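The values are calculated or read from the model by the stated rules, or taken from the named source; none is laboratory data. Computed from a predicted structure; not experimentally measured. Counting neighbours? That spans all protein chains shown, and the Cβs are built from the backbone with ideal geometry, glycine included.
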Amino acid sequence: MRYLLAIPALAALAALPMVFGDYGTGLLVGLAGYVTLVTSWAMFSGPTRYISLATVAFFGVGAYTVAVLNEVLPYPLVLLCAAGIGATMALLVGLSTLRLAGIYFVIFSFGLAELVRQLITWFEVNVTGTLGRYIFLDLEAKHIYWQLLALGAATLVLSAWIRRSRLGLALRVIGDDETVAAHSGINLARTKLVLFVVSATIITLVGAIQAPRWVYVEPSIVFNPTVSFLTVIMALLGGATRLWGPLCGAVPLFLLFEWLSARFPDHFSILLGLMFMAVVYALPDGVLAAIEKVRHRGNGTSATKPAKEASA
Amino acid sequence: MTQNTRRAVLRALPLAMVSALALAAPLAAQQEPVTIGYAVSKSGPNATGAGITTIPNYELWVKEVNEAGGLEMPDGSRRPIEVVEYDDRSTAEDLVRAIERLATQDKVDLILPPWGTGGNLAIAPLMDRFGYPQLAVTSVTDMAPEFAKRWDRSFWMLGGGHDYATALVETLSAAKEAGTINDKVAMISVADGFGIDLVKAARPAFEEAGFELVYDESYPLGTSDFAAILNEVQGSGADSFVAFSYPPGSFGVTKQAMTTGFNPKVFYIGVGGAFPIYGKIAEGKQEGVMSIGGVNADSPEIAEYFAKHTEVIGTPPDSWASAITYASLEMLEEAVKRVGLDHEALASELSTGSFDTVIGEVKLEDNQLRKLWWVGQWQGEHFVAVSPADQTGASAPVIPKPEW
């Protein structure tokens with residue numbers, strides 16, 4: 001029954017550009033983009049608690065792939081290539097680094113974005129001799145929104161399915177205690193790798209789909225670290241371990257930043273920093289967990305509080 | 001009779017005054033403001049460039065226009081400017097959305113361009129779709145002729161990398177012919193859009209002019225230590241040192257050259273050389289350093305512009321794109337005065353009209369500003385234009401450059 005409800009909901013979301021006009025559609029593109037980014041980020045980083053700052057590495061690769069191939073291949077094939085490149089890159093990166101844990105992984109993932117950016121720059125400077133690339137595709141904001149909406153919906157479905165599968169269970173065990181997980185016969189490396197690749201491929205696709213909006217692409221434009229930071233803070237705000245958490249974090253934060261950029265155009269960096277601290281100190285488990293806590297306290301039924309979620 | 005009329009006049013006078021006031025007051029209040037919107041980078045990596053070249057000139061111009069009573073319309077009335085500004089956080093996605101917001105939510109009368117080549121290209125299709133004229137000042141691109149054709153209300157005003165590189169080669173060629181410098185050139189370039197464009201054009205041009213490139217390396221954006229590079233350059237025997245660099249690098253290479261006492265006869269750096277801060281970086285020894293841009297130091301308009309920029313903003317403008325940015329705003333102001341706010345009429349006036357500006361008379365060719373200064377040099381207090389050498393207002397280059 002709940003699945004049947006999803007279809008009219010999706011149709012209603014798809015019809016929004018007809019109602020909202022150009023600016024509204026632009027907002028929807030940004031919203032759908034971030035919801036998808038954050039959901040796919042949380043797919044891997046939520047249960048394993050590997051905080052990844054590599055979002056923009058894959059996002060940028062997606063955008064760059066479109067910039068390189070948009071004049072050579074038909075658009076659907078370009079997207080397919082982007083997904084393939086993202087997956088391959090995630091596989092290589094995952095194989096070599098998922099043995100790292102904690103702070104080492106965070107630092108590595110942050111460095112990855114810079115590494116990829118420098119590699120692309122080096123290649124463009126020394127091999128092709130051009131750096132800026134142009135994307136002249138006849139895609140309007142609403143077309144981009146529809147693609148992102150479809151990708152976002154697919155990501156949510158996939159995420160829900162993984163949570164119920166053995167894979168999701170294995171991931172949660174890994175997140176709680178890697179040693180226990182290994183002893184109970186879970187193939188640590190393979191489980192993490194599969195999730196990392198899936199999550200990274202979706203992130204790559206988001207970059208690829210959004211790129212035609214920018215017309216001109218160069219590494220400093222597509223490898224903007226703010227994307228990685230925003231993704232993390234949105235996931236943390238909503239609660240990275242829950243299916244709807246990323247969405248509940250991405251939507252309000254995105255709208256808040258949009259409002260701030262108009263009201264306080266001179267103070268974005270300060271407000272972003274304050275927001276980070278507020279989320280980490282005040283809502284360490286995310287806003288959904290906090291709401292649940294308050295409700296349970298009100299009902300006096302704290303015994304039913306799911307232990308797993310509360311400790312996350 | 002006379003008594004009567006005088007009394008009547010006396011009685012009527014206050015009434016007339018009151019009604020005149022009553023009529024005039026709503027008239028002034030009815031002068032609806034002209035809304036002008038822009039999205040610029042106030043945070044993120046583009047904030048430096050926007051903060052030096054774009055934002056100060058927008059603020060200066062708006063202040064001046066409003067102090068004069070507002071933008072003059074074709075009927076002679078003046079309407080004050082009301083600004084709507086957004087921070088694009090240096091991301092293309094936010095910038096694009098801000099333009100959609102300005103055009104369809106705020107429905108501003110005019111939109112001023114963002115800073116940078118990438119930003120101007122990102123908004124070009126939208127500006128075209130919404131019909132706004134786009135005075136893309138701070139975009140350096142060799143593809144400007146094609147863009148002007150693709151989006152016919154876009155105007156490209158800072159030339160392409162090719163122009164700057166070939167003009168430099170010409171300047172050095174002249175010095176070589178005169179026997180002032182030898183035929184060896186050492187060249188470094190930043191591995192980023194602008195650096196690559198310049199170096200790609202400079203390589204064949206240098207060779208064609210009979211120069212030998214004894215050193216030709218690129219370095220990654222963000223490099224701060226130029227010691228090793230300059231050591232090798234110093235040993236290369238080149239009289240001319242050319243760095244197609246970006247601001248932090250341009251300053252770093254200058255500092256390093258001063259520390260090691262590297263004194264080539266020609267010392268050329270890229271973006272940043274024309275910044276007012278450069279004098280401080282070079283500890284007052286900037287005399288003879290060459291870079292991109294330049295201004296006509298003999299022009300009273302430029303002198304006045306520098307003075308008022310210093311007074312209102314607190315710092316002098318940079319000597320490359322600032323005056324051109326300001327000139328683009330003067331063009332807009334004049335075009336509005338001639339044809340009003342209709343976008344189509346404005347675009348065609350900008351495209352075909354000629355305008356008196358701070359950089360002299362401007363007439364666009366195929367929607368591009370071509371009468372620009374390509375090479376400049378620090379001479380005394382000013383960063384003066386030296387190329388094209390035959391353009392009115394050009395100064396003769398000082399080669400060899402005095403030692404640090």
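Quick rundown of the values:
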{"read-out": "Residue check, residue B:250 buried (at least 20 other Cβ atoms within 10 Å of the Cβ), under 25 Å from residue B:139 (Cα atoms) and among the polar types (S, T, N, Q)", "value": "yes"}
{"read-out": "Residue that is closer than 23 Å to residue B:62 by Cα and either crowded, with 23+ Cβ neighbours inside 10 Å or among the hydroxyl-bearing types (Ser, Thr, Tyr) (or both), where the choices are B:310, B:352", "value": "B:310"}
{"read-out": "Where residue B:221 falls short, out of the listed (1) away from chain A (no Cβ under 14 Å); (2) part of a loop (DSSP other than H, G, I, E, B)", "value": "(1)"}
{"read-out": "Matching residues in region A:54-96 - criterion: being in contact (Cβ under 8 Å) with a residue 60 or more places away in the chain, assigned to a loop (DSSP other than H, G, I, E, B), surrounded by fewer than 24 Cβ atoms within 10 Å (Cβ to Cβ) and among the aliphatic types (A, V, I, L, M)", "value": "none"}
{"read-out": "From B:171, B:254, residue being among the polar types (S, T, N, Q), in contact with a Pro (Cβ under 8 Å, 6 or more places away or on another chain), part of a helix (DSSP H, G or I) and within 30 Å of residue B:116 (Cβ to Cβ)", "value": "B:171"}
{"read-out": "Residue B:93 acidic (Asp, Glu) and more than 8 Å from chain A (Cβ to nearest Cβ)", "value": "no"}
{"read-out": "Helices (runs of 4 or more DSSP H) (entirely within region A:108-206) containing at least 3 residues that are in contact with a Gly (Cβ under 6 Å, 6 or more places away or on another chain) and within 14 Å of chain B (Cβ to nearest Cβ)", "value": "none"}
{"read-out": "Residues of region B:302-332 classified as under 30 Å from residue B:342 (Cα atoms) and free of Cβ contacts under 8 Å to residues at least 12 places away in the same chain, total", "value": "0"}
{"read-out": "Residue match in region B:269-278 (condition: more than 28 Å from residue B:65 (Cα to Cα), in a helix (DSSP H, G or I) and at pLDDT below 95)", "value": "yes"}
{"read-out": "Qualifying strands (runs of 3 or more DSSP E) (wholly inside region B:26-124; at least 2 residues being among the hydroxyl-bearing types (Ser, Thr, Tyr))", "value": "B:34-40"}
{"read-out": "Subset of region B:126-152 (residues that are surrounded by fewer than 21 Cβ atoms within 10 Å (Cβ to Cβ) and at the interface with another protein chain (Cβ under 9 Å from one of its Cβ atoms))", "value": "B:129, B:130, B:143, B:150"}
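Residue-wise test of (1) acidic (Asp, Glu); (2) within 14 Å of chain B (Cβ to nearest Cβ); (3) within 26 Å of residue A:44 (Cβ to Cβ); (4) touching a strand residue (DSSP E or B) at 6+ places or on another chain (Cβ under 6 Å).
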| site | (1), (2), (3), (4) |
| --- | --- |
| A:218 | yes, yes, no, no |
| A:222 | no, yes, yes, no |
| A:251 | no, no, yes, no |
| A:258 | yes, yes, no, no |
| A:269 | no, yes, no, no |
| A:281 | no, no, yes, no |
| A:285 | yes, no, yes, no |
